[in-house]
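The values are calculated or read from the model by the stated rules, or taken from the named source; none is laboratory data. Everything numeric in this text was worked out from a predicted model, so none of it was measured. Here the Cβ positions follow ideal geometry from the backbone for every residue, glycine too, while neighbour counts run over all protein chains shown. These area figures cover heavy atoms from the full protein model, side chains too; ligands, DNA and RNA do not enter into them. Shrake-Rupley method; radii C 1.70, N 1.55, O 1.52, S 1.80 Å.
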Amino acid sequence: MVRPFFLLLLLTVSVFAQSTEGTWEDGAPLFTKTIPGSGVLIKDIITLDPQYGISGADEKLNYILSGFEWKWPSSVTVVSAEDIDSRQVGDQVMYLVTDGLGRRVFEINARTSSETFTFPPKQSASDPTDPKYLNKPVDAFIVTENTLFKVVITDQDRNRVIKVNKETSAIEWQYGDPNYREGNGYNQLKQPEDAERIPNSKEYIIADKGNNRVIIVDEDTNNILWQLGAEELNSPVDIQYVASGKILITDRGNHRVILVDRASKNIIWQFGQKGVADSLAGGLKLPYDADYLPNGNVMIADGGNNRIIEVNSAGQIVWQFHRRLTTLRDVDRLEDGRTLVVYDNYPARLAYTDSLLVSAVYDFGENKESVFDQLFWKADTVANVTSVQMQLRAANSLADLSGAKWFGPAGQGTFYTQSGMPVNPIHDGYRFYQFRALLHTSDPLQTPRLTNVQVKHHYYNTTQQGYFYTPVIGAAEGSILAKWKALSFQTILPADPIKRDRLSMEIRIHNAKTFERLERIEWNKVSNDNLVNLENIASLNGVQSIYLVVYMSTLNASVSPILDSWKVTYQTVPSANSGIQFTDKKGFPASYYRATTVMPAQENKVDSCYVLLKDADLESFQKEYTVKIIAQKSRDSLETTLTLQPLGGFFSKAAIPLLIKESKDVDNQILEVWDRDILTVRYQDNINPADVSRDSVLVIQNTLGELTIENAEGVVQKTTNFGQLLYFHIKNEHDRNVNPAVQETITLTVYDHSTGDEEVVTLSELQNASNRYDTGEFISTTGLLVTKDNNGTRRNNRIESLAGHRITAEYIDNLPLTASVTIPADTSGNGPGNINIYFGAQPYIVEVAPNPYYRARNYKFSLRVASSTGSLNVRKIEIFNLAGELVNEIPGTALDFDSGLPVPPDVYGIAENWWYLKNSSGQTISSGTYWAKVHADLKPASGGPVEQVAFFRKFVILL
């Protein structure tokens with residue numbers, strides 16, 4: 001069925017409303033709109049709120065290099081070393097050791113630990129009567145005389161200094177009493193502590209400790225050439241000749257080291273306050289040894305303070321060995337910067353060399369497996385000399401930690417070289433850790449000192465959810481949200497799938513108006529890209545505004561779900577006012593409905609109720625809508641479903657039957673109404689509550705009128721004649737009496753099918769005694785003139801007819817009402833049938849009536865043929881369209897002419913409903929212009945041969 005243009009026009013209004021794509025997004029590149037709830041951190045990404053910590057912040061460390069490059073080999077026996085000297089022999093380093101309680105002096109190869117010299121010889125070592133026997137040697141050194149090596153030994157408990165031939169072990173010189181008695185006279189000593197030969201001479205300087213003096217003696221005469229005695233010294237224990245006649249003396253009992261000018265005996269430099277034991281920077285306590293260094297500084301074995309220090313000419317300590325050394329006896333600086341010492345009865349070589357130091361185990365704590373952020377440390381270093389470099393290892397158990405590999409910032413074999421560097425993420429997720437420090441030095445006298453190591457880390461609370469949310473998302477004012485399209489969000493997943501499984505992120509969509517939760521969406525743990533088609537979520541249909549809430553949590557303290565960005569897309573249309581109205585089944589507005597009292601109600605006899613709703617706001621997201629129709633008088637009501645039409649608008653899914661009935665039945669899908677009841681329908685836009693539409697319609701009980709044809713005096717007529725006026729009267733037509741205050745009108749059609757004339761007559765409602773138009777009685781106020789003619793001229797306010805014809809009045813109500821009058825036949829004998837047919841130039845004619853033919857208005861479709869020269873026998877009729885295409889062919893045997901066949905001369909042969917408006921395939925034709933071609937056999941009245949003729953008639957069909 002073709003829908004009327006009126007309904008199409010109404011429904012098209014909302015279809016072409018311009019839609020607009022809307023977007024809400026955040027996080028590209030920064031989050032500026034998202035609102036934090038609790039337990040989250042929002043920056044360029046969103047994570048759980050990290051809990052920051054600094055491990056090791058309160059711990060004070062003191063990591064330095066040990067400084068012990070070489071220690072005395074256990075394979076060589078030493079009882080109590082007192083002194084050590086070094087010399088280079090080719091590529092070998094030789095150490096000369098004075099073992100006081102072991103009563104010997106010997107030399108070993110520093111690399112092989114093999115002894116190359118010992119004194120006294122084995123046969124003399126245990127014989128106190130042997131002059132070579134040593135009672136308590138405290139110092140020894142080697143001198144060269146005529147390419148021969150001689151060993152000068154200070155034999156303290158025998159109060160002597162001797163020179164021994166290294167090759168023969170013969171004593172070649174001795175200063176001291178031959179019987180080893182102590183004294184302070186010629187060739188006498190008392191508990192001497194040190195001796196040294198002045199270079200390029202035969203003079204020896206001796207620290208005669210027991211006599212509180214330092215003397216210079218002549219090797220040839222043993223005469224004392226110079227001395228500094230008790231008036232200045234107290235237990236001198238070490239001496240060293242310095243160029244330009246200066247002598248460095250370790251004045252142990254006076255807690256000082258002095259530099260004395262030989263010629264004047266003046267003290268030209270001193271460190272330590274005479275007679276004052278001091279542990280501070282400017283003093284000494286029982287010093288045991290001092291060496292004047294090539295750079296002018298003095299290195300001192302500060303025995304009472306268990307330290308080795310280096311002091312400059314200004315009396316400032318410029319270097320100190322960082323470890324305390326007990327029972328410190330001797331200290332000698334080697335040419336390569338290393339230092340030989342004797343402490344705790346054993347010789348050793350001091351030099352700072354690179355070393356790896358491993359820390360204790362650190363624990364972040366239970367459920368605090370962390371992300372390692374930065375590694376910090378504090379260290380005392382010297383630029384380009386000493387440095388500290390770090391590595392880390394981590395694990396989740398102590399057993400695993402002991403076997404874990406060490407890593408720097410770029411992997412194994414690399415080191416953190418600067419404090420504050422980011423930590424290699426390979427450690428992330430662990431609870432226990434250790435650091436390993438590479439202490440490096442390029443100077444044997446310098447060590448870096450590591451005093452503090454801190455790991456800045458963070459972790460996430462595994463027992464608490466975090467959440468955040470969007471502001472309200474929806475259409476702008478003046479628009480409605482027609483469709484939610486998509487939610488897309490990007491995450492950053494851990495590379496480790498095991499860690500991914502410990503994370504949770506859920507997005508909840510809420511109705512911003514009701515706060516109702518509409519949907520829950522879990523994130524994708526496989527891909528960083530997440531896309532949700534919101535069009536498939538039924539609960540979002542019609543929702544105008546939403547907000548999103550994200551809940552995230554972790555079961556691994558070292559990782560958090562991460563949201564990188566998110567976006568919601570939707571479609572909006574301009575908001576429009578609604579409209580609702582009652583219509584007929586074709587969508588035309590209904591001014592009233594006629595209802596029946598008979599069940600079942602039939603649509604072809606009475607009206608059914610239809611509703612048309614127009615609201616672009618609703619059409620955007622719903623396919624159906626239910627409205628409620630209420631009868632105001634009967635109080636019956638019925639809910640009916642409206643469906644969205646292809647071109648927009650909601651129209652009744654099914655007809656709503658109306659029944660005139662005093663009582664009502666519930667849920668029978670029939671609306672029981674009273675006569676002159678009022679139906680109402682109301683619609684309120686849920687999106688815009690201020691948008692309310694209403695409509696109402698009158699319901700009238702259907703009645704069947706009575707039609708009569710009358711003369712001017714109101715007398716019913718059955719016959720008429722030319723020149724008379726016909727009046728038309730319809731009674732009991734109450735269902736056309738819509739408004740008693742207004743004079744209603746109705747129309748009917750008057751026609752003569754033989755002549756083809758057709759006229760339309762208007763009837764007006766009569767008033768009652770109260771001057772109200774509610775009589776249901778209608779009459780034509782102007783008569784219709786009957787004229788004698790067969791031209792069929794229409795709409796000229798007179799009906800053309802001929803003698804013997806029937807004039808019919810037809811009123812189309814739910815059922816057609818008809819009334820007829822006839823014109824008596826003419827008995828004058830002026831022609832067959834008393835018909836005056838105008839043939840024009842042809843002796844035969846075909847006519848179609850009515851022309852044009854309206855199928856909705858005319859229930860009869862007639863064809864008539866006639867001939868003036870003979871009888872016509874119609875063989876067939878062909879029907880063509882304007883393109884000349886054959887539409888259908890009707891055989892003559894299928895035509896029912898009222899005159900029969902053949903049609904006599906000068907007589908119309910009329911065939912009613914001669915064509916059912918179908919093509920040759922049985923399909924209904926469309927509206928348009930057509931040609932009828934009549935094929936007939938003409939038998940002349942003069943008796944000539946039968947002639948085959950064909951003639952045409954153009955006509956119009958309107959469906």
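Averaging the Cα positions of each part gives two centres, and for region 466-521 and region 639-699 these lie 40 Å apart. When you restrict to C-alpha pairs under 8 Å that are six or more residues apart and normalise by the size of the chain, the relative contact order lands at 8 percent. Excluding same-chain neighbours fewer than eight residues apart, the lysines reachable from Lys860 by a Cα-Cα span under 29 Å are Lys585, Lys586, Lys605, Lys718, Lys731, Lys788, Lys876, Lys918, Lys933, Lys954. The GluC sites (Glu not before Pro) of region 855-903 meeting both criteria, a DSSP state outside H, G, I, E and B (loop) and at most 13 other C-beta atoms within 10 angstrom of the site's C-beta, are Glu885. Across region 68-350, Cα pairs under 8 Å and at least six residues apart give a relative contact order of 12 percent.
Across the cross-link table entries Lys483/Lys623; Lys405/Lys499; Lys368/Lys499; Lys628/Lys664; Lys485/Lys567; Lys485/Lys653, which are compared at the Cα atoms, the separations over 18 Å belong to Lys405/Lys499; Lys485/Lys653. Accessible surface computed residue by residue for region 192-273, with neighbouring protein chains in place and a 1.4 Å probe, gives 36 Å² per residue.
Within the chain, the percentage of alpha carbon pairs spaced more than 55 angstrom apart rounds to 59%.
For region 394-463 versus region 180-206, the inter-centroid distance based on Cα atoms is 59 Å.
Ordering Thr782, Thr221 by accessible surface, largest first, gives Thr782, Thr221; the 1.4 Å probe counts only protein heavy atoms, with every chain in place.
Phi angles across region 346-358 convert, under the Karplus curve 6.51 cos²θ - 1.76 cosθ + 1.60 with θ = phi - 60°, into 3J(HN,Hα) values of 10, x, 7, 10, 9, 5, 7, 10, 3, 7, 9, 10, 9 Hz, Gly and Pro given as x. Here the Karplus relation 6.51 cos²θ - 1.76 cosθ + 1.60, evaluated at θ = phi - 60°, turns the backbone of region 806-811 into coupling constants of 10, 9, 10, 9, 10, 10 Hz, with x for every Gly and Pro. In plain terms, the chain from Thr597 to Lys71 could stretch by 176.6 nm, reckoned as 0.36 nm per residue minus the Cα-Cα distance.
Under 20 Å from the Cα of Lys209, which lysines turn up, not counting those fewer than eight places away in the same chain? List returned: Lys136, Lys163, Lys190, Lys246, Lys265, Lys274, Lys285.
Based on alpha carbons, the Rg and Dmax found for region 638-775 are 22.0, 70 Å. Considering only chymotrypsin sites (Phe, Trp or Tyr not before Pro) in DSSP loops that have at most 12 other Cβ atoms within 10 Å, the longest stretch of the chain without any of them is 187-514. Reducing region 554-632 and region 320-369 to their Cα centroids gives an inter-centroid distance of 90 Å. For region 581-698, the normalised intensity computed at q = 0.17 Å⁻¹ comes to -0.81 (log10 of I(q)/I(0), Debye sum over alpha carbons, equal scatterers, no solvent).
Per-residue ellipticity at 222 nm from helix content only, as computed over the chain with -39500 (n - 2.57) for each DSSP H run of at least four residues, stands at -500 deg cm²/dmol. Please list, by residue number, every one of the trypsin sites (Lys or Arg not before Pro) in region 290-352 that is coil in DSSP and has at most 11 other beta-carbon atoms within 10 Å. Qualifying residues, ordered by number: Arg324. If only the Cβ of Lys and Arg carry +1 and only the Cβ of Asp and Glu carry -1, the dipole of region 354-461 around its Cα centre is close to 20 debye. For region 871-957, the solvent-accessible area works out to 52 Å² per residue, with a probe of 1.4 Å and every protein chain left in place. Surface exposure of region 421-537, expressed per residue as accessible area with a 1.4 Å probe, stands at 47 Å². Find, among the GluC sites (Glu not before Pro) in region 68-169, those assigned to loop by DSSP (not H, G, I, E, B) with at most 12 other beta-carbon atoms within 10 angstrom. Filter output for region 68-169: Glu167.
Of all accessible surface on the chain at a 1.4 Å probe, what whole percent is carbon and sulfur? Ligands and nucleic acids excluded, carbon and sulfur reach 47 percent. Amide H contacts for Ile480 (H built 1.01 Å from N in the peptide plane; partners 5 or more residues away or on another chain; cut-off under 5 Å): Val573, Ser575.
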